[in-house]
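Step one of this worksheet: look at the structure below.
Laboratory data are not the source of any read-out in this text; all were calculated from the coordinates shown. What you are looking at is a predicted structure, and each value in this text was computed from that prediction instead of being measured. Cβ sites come from the backbone with ideal geometry, for glycine too, and all protein chains shown count toward neighbours.
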Amino acid sequence: MTKAKRIFVSNRLPFNINSKTGAIQRGSGGLVSALLGVHLDEPFFWMGFEPDKKIAEQLIAKAGDVNKKLHLRPVVLEKDLYNNFYDGFCNDVLWPLFHYEGSHVYFRRKDWQAYTEANRIMAEKILEVANPGDTVWLHDFHFMLLPAILKDANPQLKVGFFLHTPFPSAEIFRQLPVREEILKSMIRCDLIGFHEHSYLRHFSVTIKALLGVDSGVFKAEIGSHTLKLGVYPISIDIDDMREKARSPKIAELTERFRKKIKSNFLILGVDRLDYTKGIELKLRGFSRLLEKYPDLRGKVNLLQVAIPTRINVPSYMKLRQEVEQLVGSINGEYGQPGYVPVQYMFRSVSENDLLALYRRAECMLITSKRDGMNLVAMEYAVCQSHETPGLLALSEFAGAASLLAQSLFINPWDEDSIANALYRAFTMPVEEKQHRLQGLNNILSKYSATQWAESFLTDLERGSPSTVRRGVDISPDHPETLREMIEKFRSASRKILILDYDGTLVAIQDQPLSAVLSDENKKLIKELGREYQTYIISGRPRDFLESQFSDTECTLVTEHGAYSKKAGDSEWQSHLTSDIRSWFPEVKRAMEEYSKRVPLSFLEVKSASIVWHYRQSPPAFAEYQAKKLDDELQVGLANQPVTVTLGHQIVEARAVECNKGNFVRSLLKEFPDCSVICIGDDVTDEDMFKQLGSKHVSIKVGPGQTNAQYRVKDHSEVLTLLELLKSQPTLEVRNPDVRQIAAESF
Ligand code: GDG
């Protein structure tokens, strides 16, 4: 048997071919060090787009020179398609939106189509090498449609996704015209990782607001699928960088820079010239420093390395103009003979020069407006020496701020905040700088790039937590389990069917009175009632259930077990023993108050229970109010014989005897030799599932954790299943496997 393999996917492969020597080269950056540093026993694949067909072929052939186990799979995309995908959708929509830059978003349908197509092509290539049980780790926003395509094709793949940018607040994300398509795919992942906890929180709020998916802090249950969420701050190759920065070569280069760049206090900026990096804010803050503290003029300099990016895009050209004008005006205003306050380079620098600049500068200034993490901050800290420690002034809007707690934090939007931090850095005693540096190094030594990758992969590849109870899927797509379940039921002499009503036999409706059975389904229940000892058990009041099932042979159990009536009986039997008057009026008053407060919410008053419904109300507001009401009632009625539950878009208070579990318990006592199939969708049905244990068949309808053994997707699957339980199935069952079961079972 072949072992599971790992497949990493990023937009571009972090490898290239040296045009002179023809050798394969490793690109710089944390991702490549992180993933190559992971201990791997098995071959691994790395896939990414590569526009040049010839280079693609060379990369495939020479991958083994980097690492014997590495297989590179460059995917060649046609140029226009790649441009529309990458420049059009990734860079003109997702990048600005995820960085809260709404004014830079340009959504064009054709770019979205290209994004869809590029994801489809990448999926096709992944599926050529991926087998069930393999791990696929997707990197970044370029591939947000891949999870759904991969899982549809191969549900046994382990699909992980790491987002390298921030995930914006729901208020921002919901501006995206294709928001549902993207989220519906993302929730199919097994694990999504973020740099920072706030990004994870935003994602949870967004899937709740737009898809109605509830999630806990670290996971969401969607049907029988568990989506795990986690925070994994990326890092750099700490040891490698520390060693390089201390090499004689870098020491010599640093010395050369010290002589060349004359400054008592050099502030360094290294950023791609992107609007998210806040370079213009940095310049304004520096200008404010010189204005506010005139004694620093002539002593303090800013060296800004602005790495060219997307140079032909108009908004980037405009940003460049603005930055260069600001540089000119600061130098014009504060420059003196022999003193040029801002030195500016619009180009990238070699890795050695970069390390030497980190060593040379007394302070690093990062003013990102938003930044997923910011690796430059980490690199600068790691390159410092204890003897001449530099200071890190870091934007509080960079993900790195949550890790690098000993930085001097700044609000880049506030010129004074920048100026004050720089002044503090300038005047800070060396002991304090050493202390801060020590703190930064301590934390960074715990977060190496390899640890980052390993912890993500471990969480992704670890099985689902055993605490999560999910129920085995017996949707018609799983005929084997369905067959097993029917056989178990049929083997008993007394067969009992227990069926919940709303959400189980009928779909949930906006108005409870509209949730009625179709004639066809009424007929089905009638036939089942004749064949089996059938119970319809619901939270509904007596008159409603009677109107639906009066002509059947089913026993009706209303208000969650408070009353029951056998077919043919004229009287309802009450199971109530406590006095509801001690709490009922108080609850009614409170719920009436909430009904007035929350639009489109309403009360349903029954004999032993009372329900506040908010299924049509504005969801976020109503949910907040529901939690408040639940809280109020739980505390206020703590000593009363009443159970309060926060259910599916309802808050319900009911007499303690109204418990479906109690009803089932007495049923099992009365008929100890019976075999039960019990089906329900709501929290109140869980009491029944618990009572039934593994001897009987319990089936949960829809998503969420459950005590049931089995699960179906929705009420229509329940009806298909019930049809199969009849000795003479009439319903046309489309799935041939299921038709076969129906034929074999009888
Ligand atoms: C994205 C997220 C997140 C830069 N200029 C030169 C050069 N660099 C290297 C730096 C650093 C890297 O590039 C830049 O990384 P950042 O993290 O600062 O920013 P993004 O490129 O925007 O990366 C970011 C990151 O993904 C990882 O998840 O942290 O928030 O936006 O390593 O050293 N290297 C050389 N010359 C240069 O001129 N040699």
Per the C-alpha gyration tensor (a ≥ b ≥ c, the square roots of its eigenvalues), segment 295-395 is rounded if a/c is under 1.5, else prolate if a/b beats b/c, else oblate; here it's oblate
Point-to-point label distance, residue 57-residue 511, nm (Cα→Cβ direction, 7 Å offset): 7.0
Suppose each label sits 7 Å from its Cα in the direction of the beta carbon; what would the residue 127-residue 388 distance come out to in nanometres? 5.8
From the phi angles alone, apply the Karplus equation (6.51, -1.76, 1.60; θ = phi - 60°) to segment 185-194 and give each ³J(HN,Hα) in whole Hz, x where the residue is Gly or Pro. 6, 4, 6, 7, 5, 8, 8, 10, x, 10
For segment 26-132, restrict the atom set to alpha-carbon positions and state the Rg and Dmax in Å. 16.2, 47
Pseudo-spin-label distance residue 490 to residue 343, built 7 Å along Cα→Cβ, given in nm, is 8.6
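What is the chain's relative contact order, in percent, from Cα pairs under 8 angstrom and six or more apart in sequence? Working shown, then result.
Details: 1369 pairs, mean separation 72.1, N = 746.
The value is 10 percent.
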Using alpha-carbon coordinates alone, the radius of gyration and Dmax of the chain in Å work out to 32.3, 107
How big is the antiparallel share of DSSP beta bridges in the chain, given as a percent to the nearest 5? 30
Fewest to most Cβ atoms within 10 Å: 681, 92, 80, 353 sort as 80, 353, 92, 681
Hey, what D do you get for segment 623-676 in µm²/s if you plug the Kirkwood alpha-carbon radius into Stokes-Einstein at 37 °C and 0.692 mPa s? 252
Cα-Cα separations in segment 31-80 greater than 15 Å, expressed as whole percent: 48
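Rule-of-thumb check for segment 6-231: C-alpha Rg over 2.2 N^0.38 Å? Intermediate values should be presented prior to the final figure.
Numbers: Rg = 17.5 Å, N = 226, 2.2 N^0.38 = 17.3 Å.
Taking N as the residue count of segment 6-231, the ratio is 1.02.
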Hey, how many Å between the Cα centroid of segment 505-577 and the Cα centroid of segment 613-680? 18
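Would you please classify the overall shape of segment 580-655 from the alpha carbon gyration tensor, given that a ≥ b ≥ c denote the square roots of the eigenvalues, rounded means a/c under 1.5, and beyond that prolate means a/b larger than b/c while oblate covers the rest? Display every interim value, and only then the final one.
On the way: a/c = 1.97, a/b = 1.63, b/c = 1.21.
Prolate shape, in that a/c is at least 1.5 and a/b is the bigger ratio.
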If one compares the long axis through the Cα atoms of helix 619-636 with the longest principal axis of the Cα atoms of the chain, the angle in degrees, nearest 10, works out at 60
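Grab the Cα-Cα distance for residue 20 and residue 211, subtract it from 0.36 nm times how many residues apart they are, and report the gain in nm with one decimal. Before the final figure, lay out each step's value.
On the way: separation 191, 0.36 × 191 = 68.76 nm, distance 5.23 nm.
Extra length from residue 20 to residue 211 when fully extended: 63.5 nm.
For 144, 688, 317, 364, what's the fewest-to-most ordering of other Cβ within 10 Å of each Cβ?
Details: 144 22, 688 29, 317 12, 364 26.
With the fewest neighbours first, 144, 688, 317, 364 line up as 317, 144, 364, 688.
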At 0.36 nm per residue, and after removing the present C-alpha to C-alpha distance, how many nm does the segment from residue 295 to residue 180 gain when stretched out fully? 35.8 nm
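Counting other beta carbons within 10 Å of each Cβ, put 540, 246, 288 in order, fewest first.
Details: 540 24, 246 13, 288 18.
Lowest count first: 246, 288, 540.
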Between helix 683-692 and the chain, what is the angle of the helix's C-alpha long axis to the longest principal axis, kept within 0 to 90° and rounded to the nearest 10? 60
